[in-house]
Amino acid sequence: MQQSSRRLTVRTPQVENDADEFGAEVRAGLTGEHKTLPCRFLYDRRGSELFEQICELPEYYVTRTEREILENNADAIAALFPEDLAMVELGSGSSSKTRVLIEAFLRSNGRLRYVPMDISKKMLVESSEALLEDYDGLKIVAIAAEYSTGLRQLGREAIERKLILWLGSTLGNFERKDSARFLARIKATMTGDDRLLVGIDLRKDKAVLEAAYDDAQGVTAKFNLNLLVRINSELGGNFDLRHFRHEASYEEESGRVRSNIVSLREQTVHIRELDMYVEFTAEERIHTENSHKYSLAEIDALAQASGLRVTQQWFDSDDRFALNLFAPA
């Protein structure tokens, strides 16, 4: 399904936020030996709004450092692509940081085809319309889908040369072996002339990382607990948020921040649409997200395992974050 205007085409290759899939994942995740919920379900409309707030928090350095890198190097990146190309972005969100690159490519080439991909169709359309209002040389083909479906749709698009963006350290949400597999899937959509620009958060001090994922204002806690709000709203759950808390802890050996929802007491939750009751013990956890951090050696190894090679890297002034340009090996 698609909707079009003169400069904006929106493709919807799947029903957004499929309730059946959400329900099936909730059932599977909350009946396992160790309770889990997939992190992709954090990004409903409210979750996406909360994540945009997280990106502006003083503790959450990721957005600022990546924006610094882009502002300092956008023209140099654009200069690597003197010919017309399509800029594809996975998980585009509000496209706020991407504007820096869009402006650089428009300065260089005068026109640009932008292909943002995001699971939230409403945010995708709103951000696309805002971009078109600000940039005359821009045309947008927006894909409203999660990654797997979006990549299949990307393969059907008539794009001769592309730069694929995956910003914001989202790669860190994947287990390390899964991140290599996913990059290999992206590589399968690439020609020898295509490039992939990926933001990757680097290993750093435990205190800095835990503050970034458990801020003083409690916005990250609201973001994580919004999963329970979503279950209540979409599946008829009766989670009482007063009896759960957010938890983030950094494991130095594995290099990951683990985010959990912790039950504050022994309790039973009913989820009406799934016709199920979920038992919790005090301090029992629902694991919701991993955020893996990488060393430079680990980035090289990741590229090799994915059938890619690192052609260039850019860093912020404090070497906290890396923007990595990959080419097919």
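The values are calculated or read from the model by the stated rules, or taken from the named source; none is laboratory data. Computed from a prediction, not measured in an experiment: that's the story for all the values here. Cβ placement follows ideal geometry from the backbone for every residue including glycine, while neighbour counts extend to all protein chains displayed. The area values use the complete protein model at the heavy-atom level, side chains included, leaving out ligands, DNA and RNA. Shrake-Rupley method; radii C 1.70, N 1.55, O 1.52, S 1.80 Å.
At 1.4 Å probe size, with the rest of the protein present, what percent of the exposed accessible area of the range 232-329 is carbon and sulfur atoms?
Taking all protein chains in place, the range 232-329 shows 42 percent carbon and sulfur surface.
Give the Rg (one decimal place) followed by the Dmax (whole number) of the range 116-191, computed from C-alpha coordinates and expressed in Å.
That works out to 13.7, 42 Å for Rg and Dmax.
Dipole magnitude of the chain about its Cα centre, charges +1 at Lys/Arg Cβ and -1 at Asp/Glu Cβ only, in debye to the nearest 20?
Using Cβ point charges on Lys, Arg, Asp and Glu, the chain gives about 780 debye.
Name the residue, out of HIS246, HIS292, HIS270, whose mean-square fluctuation peaks in a Gaussian network model built on the chain with Cα pairs under 10 Å.
Ranking HIS246, HIS292, HIS270 by mean-square fluctuation puts HIS270 first.
Place a point 7 Å from the Cα of LYS206 along the Cα-to-Cβ direction; which residues of the range 238-276 have their backbone N under 19 Å from it?
What the label zone holds, given the 19 Å backbone N cut-off, is 247-260.
From the residues LEU106, LEU85, PRO116, which one has its Cα farthest along the dipole of the range 77-118 in the positive direction, the dipole being from +1 and -1 charges on Cβ of Lys/Arg and Asp/Glu about the Cα centre?
Among LEU106, LEU85, PRO116, the one farthest towards the positive end of the dipole of the range 77-118 is LEU106.
Which entries of LYS121/LYS162; LYS97/LYS139; LYS206/LYS293 have Cα-Cα distances beyond 20 Å here?
LYS121/LYS162
Return one whole number: the accessible area per residue of the range 1-118 in Å², for a 1.4 Å probe.
Each residue of the range 1-118 exposes 45 Å² on average to a 1.4 Å probe.
In degrees from 0 to 90, rounded to the nearest 10, what is the angle of the helix 147-156 Cα long axis to the longest principal axis of the chain?
Its long axis makes an angle of about 30 degrees.
Could you point to the residue in ALA28, PHE41, SER94 farthest towards the positive end of the range 1-119's charge dipole, with +1 and -1 charges on the Cβ of Lys/Arg and Asp/Glu respectively?
SER94
When ranked by the protection proxy of mean other Cβ atoms within 10 Å per residue, highest first, what sequence do the peptides 116-125, 320-329, 149-158 form?
116-125, 320-329, 149-158
Please report the antiparallel percentage of the DSSP beta bridges confined to the range 148-274, to the nearest 5.
70
Using a Gaussian network model on the chain with a 10 Å cutoff between Cα atoms, which of ASP318, ASP84, ASP193 fluctuates the most?
Residue with maximal mean-square fluctuation among ASP318, ASP84, ASP193: ASP318.
Report the calculated FRET efficiency for ALA329 and GLU71 (r = Cβ-Cβ distance, R0 = 25 Å), to the nearest 0.05.
Taking R0 as 25 Å, the efficiency between ALA329 and GLU71 is 0.25.
Counting Lys and Arg as +1 and Asp and Glu as -1, each charge on the Cβ, what is the dipole of the range 274-329 about the Cα centre in debye, to the nearest 20?
For this selection, approximately 400 debye.
Amide H of ASP316 versus every other amide H placed in the peptide plane: which residues, excluding those fewer than 5 positions away on the same chain, fall under 5 Å?
Under 5 Å from the amide H of ASP316 lie the amide H atoms of PHE321, each far enough along the sequence or on another chain.
For the range 5-110, what value does the Rg/Rh ratio take when both radii are computed over Cα atoms and Rh is the Kirkwood radius, given to two decimals?
Expressed as Rg/Rh, it is 1.08.
What is the pair-distance distribution P(r) of the chain, computed from all Cα-Cα distances in 10 Å bins starting at 0, with each bin given as a whole percent?
Per 10 Å bin, starting at 0, the Cα pair percentages come out as 5, 25, 34, 24, 10, 2, 0.
Which shape class, rounded, prolate or oblate, goes with the range 281-322 when its Cα gyration tensor gives a ≥ b ≥ c as root eigenvalues, a/c under 1.5 marks rounded, and past that a/b bigger than b/c marks prolate?
In terms of gyration-tensor shape, oblate.
Taking 0.36 nm per residue of sequence separation and subtracting the Cα-Cα distance, how much length would be gained by fully extending the chain between ARG45 and ASN109, in nm to one decimal?
Stretched fully, the ARG45-ASN109 segment lengthens by 19.6 nm.
Give me the dipole magnitude in Debye, nearest 20, for the range 137-221 about the Cα centre, with unit charges on the beta carbon: positive for Lys and Arg, negative for Asp and Glu.
420
State the extension gain, in nm to one decimal, for the chain segment bounded by ALA130 and ASP178, taking 0.36 nm per residue of separation less the distance between their alpha-carbons.
The ALA130-ASP178 span can extend by a further 13.9 nm.
Rounded to the nearest 500, what is the 222 nm mean residue ellipticity of the chain from helices alone, with -39500 (n - 2.57) per DSSP H run of 4+ residues and division by all residues?
-12000 deg cm²/dmol
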